[in-house]
Amino acid sequence: MDFVDTGNQKRDIKSMALEELAEEMLAMGEKAFRAKQIYEWMHVKLAEDFGQMTNLAKGLREKCRERYVYTCLKQVRVQESAIDGTKKFLFGLADGNMVESVWMKYKHGNSVCISSQVGCRMGCAFCASGLDGLERNLLPSEMLEQVYAITRLTGERVSHVVVMGTGEPLDNYENVVKFIRLITDSNGLNISQRNITLSTCGLVPQMRALAGEGLQITLALSLHAATDGKRRELMPVANKYRLDELMEACAYYFERTGRRITFEYSLIAGMNDKAGDAEELAGLAGPLKCHVNLIPVNPIKERAFRPGTHNEAVRFKELLGKKGINATVRREMGRDIDGACGQLRRKARTET
């Protein structure tokens, strides 16, 4: 499902690691140090095209234009929250598709939530991302550009990246892992791996593979229910992977990486927010020493799911606390600007 323009044999230069780019330069008859210059223009100075690379000879820039695709996202729309300053961006891709990203300002730094696919095929019942299915995977360059474009547009450095927007990151495994290596490369933007969070709905084989990649990122499991039956009502993926398999994969990830898992748990009024649900959730989180991130579900007009009150969320957190579970209630960012994943893209597609 990766995007390939069959009429265009140009390679995607922004998805290349520095070592790959050095090989490309040598193959073109150029000095290897040119790769470092181009890499810096792309990933540090965030140049928007080859023309901005002023310390390269004009002939080299022309050869690069002829040989490579240079991915640069263009802003289609932006919405800013009047409540907390959160900005939601809709970007246009080269093939006419659109993808959305969110910029959030915290005391600890600026965080960007990026999408990893155009659409999603996981079909979670409370999520707008999968309502129209999966169009295609995003390339590493297209994921990088969500961060780079927002950096250019806001003029502020991004310190944290969350791969939790539209799409299931582990359904686009190779591209997402390469994106992580590029965004954390010391020769590029050099964001700490510990400041990268990847969220998955629970693709067990890919979770186990990720544990062996040597990365120090945070893995967040979109759990949302603490029993197989209830989880199957919310998430089709639960029909393939049982909770016991998921918990074994989480334990394996922690054992291999030393990184504590986070459980993402959307609180849905009357569905999974009662005292019994908290007790069952504590039973899963306790043995793994997981942190639980409670998220009042973001309403979408296509579904009847609604969040409970803030006090109910706090009570649920306190019930977990009594069982020794470290939990937080996530700040609700961007509720007034189509904050849920997929809403802005879907709205724009409907209008056009």
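The values are calculated or read from the model by the stated rules, or taken from the named source; none is laboratory data. Remember, predicted model here, so these are calculated numbers, not experimental data. Don't worry about glycine lacking a Cβ; one is built from the backbone with ideal geometry, like all the others, and counts go over all protein chains shown.
Report yes if residue 152 is surrounded by fewer than 20 Cβ atoms within 10 Å (Cβ to Cβ), in contact with a helix residue (DSSP H, G or I) (Cβ under 9 Å, 6 or more places away or on another chain) and charged (D, E, K, R), otherwise no.
Details: surrounded by fewer than 20 Cβ atoms within 10 Å (Cβ to Cβ): yes; in contact with a helix residue (DSSP H, G or I) (Cβ under 9 Å, 6 or more places away or on another chain): no; charged (D, E, K, R): yes.
Taking the combined requirement at face value, the residue does not satisfy it.
Restricting attention to region 38-59, and to residues there that are over 27 Å from the mean Cα position of the chain (by Cα) and buried (at least 17 other Cβ atoms within 10 Å of the Cβ), which single residue is farthest from residue 147 (Cα to Cα)? Give the steps one after another, and end with the answer.
Filtering region 38-59 for residues over 27 Å from the mean Cα position of the chain (by Cα) gives 50-59.
This time we only want the ones that are buried (at least 17 other Cβ atoms within 10 Å of the Cβ), so: 50, 53, 56.
On the way: 50: 19, 53: 20, 56: 25 Å.
Across region 38-59, the extreme among qualifying residues is 56.
Tell me, which residue of region 180-193 that is assigned to a helix (DSSP H, G or I) and without any contact (Cβ under 8 Å) to a residue 60 or more places away in the chain is nearest to residue 36 (Cα to Cα)?
The first filter runs over region 180-193 and keeps only residues assigned to a helix (DSSP H, G or I), leaving 180-183, 193.
Add one more test, that the residue is without any contact (Cβ under 8 Å) to a residue 60 or more places away in the chain, and what stays is 180, 183, 193.
On the way: 180: 19, 183: 16, 193: 22 Å.
Out of the qualifying residues, it is 183.
Would you point out which residue out of 208, 242, 259 is at pLDDT 95 or above, surrounded by fewer than 19 Cβ atoms within 10 Å (Cβ to Cβ), closer than 17 Å to residue 168 by Cβ and of a type in the set (Lys, Arg)? Don't jump to the end; show me each part of the working.
Values: 242 fails: closer than 17 Å to residue 168 by Cβ; 259 fails: closer than 17 Å to residue 168 by Cβ.
Result of the check over 208, 242, 259: 208.
Among the residues of region 269-290, write down those that are crowded, with 17+ Cβ neighbours inside 10 Å and within 24 Å of the chain's Cα centre (by Cα).
285, 290, listed by residue number.
Step by step: first the residues of region 216-259, then only those that are in contact (Cβ under 8 Å) with a residue 40 or more places away in the chain and of a type in the set (Lys, Arg), then the one that is farthest from residue 283 (Cα to Cα). Which residue is that?
256
Hey, does region 113-131 have a residue that's crowded, with 19+ Cβ neighbours inside 10 Å, under 18 Å from residue 46 (Cβ atoms) and under 15 Å from the mean Cα position of the chain (by Cα)?
Checking region 113-131: at least one residue is crowded, with 19+ Cβ neighbours inside 10 Å, under 18 Å from residue 46 (Cβ atoms) and under 15 Å from the mean Cα position of the chain (by Cα).
Of the residues in region 126-152, how many are assigned to a helix (DSSP H, G or I) and within 21 Å of residue 298 (Cβ to Cβ)? Quick ask: steps written out before the conclusion?
So in region 126-152, the residues assigned to a helix (DSSP H, G or I) come out as 140-152.
Right, trim to within 21 Å of residue 298 (Cβ to Cβ) and you get 146, 150.
Total meeting the criteria: 2.
Can you name the number of the only condition in (1) part of a loop (DSSP other than H, G, I, E, B); (2) not assigned by TED's automatic domain parsing to the domain that holds residue 148 that residue 96 fails?
(2)
For region 211-239, give me each residue that is within 18 Å of the chain's Cα centre (by Cα) and surrounded by fewer than 16 Cβ atoms within 10 Å (Cβ to Cβ).
Of everything in region 211-239, those that are within 18 Å of the chain's Cα centre (by Cα) and surrounded by fewer than 16 Cβ atoms within 10 Å (Cβ to Cβ) turn out to be 213, 216.
Just to check your reading of the model, which residue among 200, 218, 227, 184 is over 23 Å from residue 112 (Cα atoms) and out of contact with any Cys (no Cβ under 9 Å at 6 or more places or on another chain)?
Values: 200 fails: over 23 Å from residue 112 (Cα atoms); 218 fails: over 23 Å from residue 112 (Cα atoms); 184 fails: over 23 Å from residue 112 (Cα atoms).
Of 200, 218, 227, 184, the one residue that is over 23 Å from residue 112 (Cα atoms) and out of contact with any Cys (no Cβ under 9 Å at 6 or more places or on another chain) is 227.
Where the second residue is of a type in the set (A, V, I, L, M) and exposed (fewer than 14 other Cβ atoms within 10 Å of the Cβ) and the first is farther than 19 Å from residue 261 by Cβ and lies in region 311-326, which pairs have Cβ atoms under 8 Å and are six or more apart or on separate chains?
From region 311-326, the pairs are 319/275.
Out of 20, 48, 24, report the one residue that is part of a loop (DSSP other than H, G, I, E, B) and either under 24 Å from residue 181 (Cα atoms) or touching a Gly at 6+ places or on another chain (Cβ under 8 Å) (or both). Don't jump to the end; show me each part of the working.
On the way: 20 fails: part of a loop (DSSP other than H, G, I, E, B); 24 fails: part of a loop (DSSP other than H, G, I, E, B).
So the residue among 20, 48, 24 that is part of a loop (DSSP other than H, G, I, E, B) and either under 24 Å from residue 181 (Cα atoms) or touching a Gly at 6+ places or on another chain (Cβ under 8 Å) (or both) is 48.
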